[in-house]
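Trainee: Dumping the structure here so I can ask a few things about it.
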Amino acid sequence: MSHHVHIKALNRRQDGTNIIMLAIRGPGGGMRAFEPVSIDEAEKMTAQLQAAIAAGRTAAATDPVDAFMQDVIARFGNPELACDPSFRTWCAANHGLLTSRQTAERWCCWRVA
């Protein structure tokens, strides 16, 4: 289930504290709640969000060895090879040393031997 948070307004409380009103919508689009957040708390939330975005981008980055292995797999047309531990080890050992074509050819020779 996803919720959407929108900045509704920047307000000032009677004590002079600046706050941001967050409008939190539910998955169906209906309004769930309004939540006042102090500027300091909003800055903390922003820092946490930026850290989460950076971590997400890092996790989404393709590992060069995995990309190489996918190139070798494409030569065979057999995606099930990605589940073979010996094939994964073979690709990791040959990454940077051989081309994907050479790695595929030698994998065939090694498996037959």
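Trainee: Give me a comma-separated list of calculated 3J(HN,Hα) values for the range 12-22, in order, Karplus coefficients 6.51, -1.76, 1.60 applied at θ = phi - 60°, integers in Hz, x for any Gly or Pro.
Mentor: 10, 6, 5, 7, x, 6, 7, 9, 10, 8, 9
Trainee: Another question, then. Tell me the label-point distance for the pair LYS44, TRP110, using the 7 Å Cα-to-Cβ offset, in nm and rounded to one decimal.
Mentor: That separation, rounded to one decimal, is 5.2 nm.
Trainee: Moving on to the next point. Mind listing the phi-derived Karplus ³J(HN,Hα) values for the range 37-49, rounded to whole Hz, using 6.51, -1.76 and 1.60 with θ = phi - 60°, and x for any glycine or proline?
Mentor: Coupling constants for the range 37-49: 10, 5, 4, 4, 5, 5, 5, 5, 4, 5, 5, 5, 5 Hz.
Trainee: Based only on other Cβ atoms within 10 Å, what is the fewest-to-most ordering of VAL37, VAL72?
Mentor: On the way: VAL37 16, VAL72 24.
Final ranking by Cβ density, sparse to dense: VAL37, VAL72.
Trainee: Quick one: what are the phi-derived ³J(HN,Hα) couplings along the range 70-83, Karplus 6.51/-1.76/1.60 with θ = phi - 60°, whole Hz, x for glycine and proline?
Mentor: 5, 5, 5, 4, 4, 5, 8, x, 10, x, 5, 4, 4, 8
Trainee: Could you pull out every residue, at least 5 positions away or on a different chain, whose amide H is within less than 5 Å of the one on ILE19? Hs are placed 1.01 Å off N in the peptide plane, and Pro or chain starts have none.
Mentor: ASN11, ARG12, ARG13
Trainee: Now for a separate question. With Kirkwood's inverse mean 1/r over C-alpha pairs for Rh, give me the Rg to Rh ratio of the range 64-112, two decimals please.
Mentor: On the way: Rg = 9.3 Å, Rh = 10.4 Å.
Radius of gyration relative to Kirkwood radius: 0.90.
Here, each number is a calculation from the coordinates, and none is a lab measurement. Keep in mind that this is a model prediction, so the values were computed, not measured. Here Cβ is always computed from backbone atoms with ideal geometry, including for glycine, and neighbour counts include all displayed protein chains.
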